[in-house]
Amino acid sequence: MACDRLRARFDASDGLDGRVSLEVSPRLARDTAGTIAAARRLHAATARPNVMIKIPATREGLPAITATLAAGISVNITLIFSVARHREVMDAWLTGLEQLSAAGGDLGSVRSVASYFVSRVDTKVDAAIEQRVATLPPGATERAELESLRGKAAVANARLAYAAFEQTMATPRFQALKRRRAHVQRPLWASTSTKNPAYRDVLYVEELIGADTVNTMPPATLAAFNDHGRVESRIHHDVAGARAVFSRLTALGVPIDTIIDQLEGEGVQSFSKSYDELLATLETRRREMVAQRGSGR
């Protein structure tokens, strides 16, 4: 139904927009073969050109991403937190397109987005900053600098991800595919509501506007942006400063790389919990409908 409702937008934009993501079970996040099979099953069951199959960017998910794209299926790669994993995702995507092209497939019919989770980075890093500050004596000079880095990691991380995206899209490898009608893999900003009320409520929208990006704002954030958001391309703003945020956090004793690596496992667990709750709700509704039919209501 969602695909059909968005079909007009899909057709009018030549497939750029109007797409719907349908995720494989997060329980398969560590199962490559199971993910590939589920992606193909869901794509066939939906049978709509504007469906995207959502696959987590776990280590086991990378070969599944390649195989799914090689089968001519559009993919939303989700749960990306680090620039290093983003580069691996883009490599898996390029390999899938190359395999599809070698098999005579139409690269122009396949689209992909790389979904980067934003606010969770600040939530996790800010907590680590607070813990680090608590270990310092009252007069320590590091305190003020650590405090100044609160709420900076998520935007910095996304800006570095976008820089990696631009670098990859400029490579001869992608340009060769582009000549065969391949489209860029658009960075998608996910988890863009502001969790800390001390931060501007449209922080993760305004600061990450740029060409070829997608922002999956929840309704409240979308309403806030429509009310007082500033429309300005800021994704290239102070990329050197973004790199400095990470180097200073490390120098000040905040294990930023470890923190971001932990987010992937936590994200898979969170997705699995939500998925199980969804299935439980559907089962409850199914039983209620069966009972109503049995009673003649």
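Some values worked out for this structure:
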| read-out | value |
| --- | --- |
| Selected residue [part of a loop (DSSP other than H, G, I, E, B) and surrounded by 10 or more Cβ atoms within 10 Å (Cβ to Cβ)] from R286, R234, R248 | R234 |
| Single condition S272 does not satisfy, out of (1) part of a loop (DSSP other than H, G, I, E, B); (2) at pLDDT below 95; (3) among the small types (G, A, S) | (1) |
| Matching helices (runs of 4 or more DSSP H) fully within the range 121-214 where at least 1 residues are within 30 Å of T95 (Cα to Cα) and without any contact (Cβ under 8 Å) to a residue 24 or more places away in the chain | 153-169, 172-178 |
| Selection within the range 127-178 - touching a Gly at 6+ places or on another chain (Cβ under 8 Å), buried (at least 19 other Cβ atoms within 10 Å of the Cβ) and over 17 Å from S112 (Cβ atoms) | A156 |
| Qualifying helices (runs of 4 or more DSSP H) (wholly inside the range 1-90; at least 2 residues being surrounded by fewer than 23 Cβ atoms within 10 Å (Cβ to Cβ) and either in contact with a Phe, Trp or Tyr (Cβ under 9 Å, 6 or more places away or on another chain) or of a type in the set (V, I, T) (or both)) | 32-46 |
| Residues satisfying the stated conditions in the range 219-231, i.e. under 19 Å from G18 (Cα atoms) and exposed (fewer than 11 other Cβ atoms within 10 Å of the Cβ) | P219 |
| Residue selected from the range 179-205 under the condition exposed (fewer than 14 other Cβ atoms within 10 Å of the Cβ) and closer than 14 Å to E98 by Cβ, by the criterion farthest from the chain's Cα centre (by Cα) | R179 |
| Residues located in the range 251-260, provided they are in contact with a Lys or Arg (Cβ under 9 Å, 6 or more places away or on another chain) and assigned to a helix (DSSP H, G or I) | I259, I260 |
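The values are calculated or read from the model by the stated rules, or taken from the named source; none is laboratory data. Everything numeric here is computed off the predicted structure, so don't read it as measured data. Using ideal geometry, Cβ is built from the backbone for each residue, glycine included, and neighbour counts are taken over all protein chains shown.
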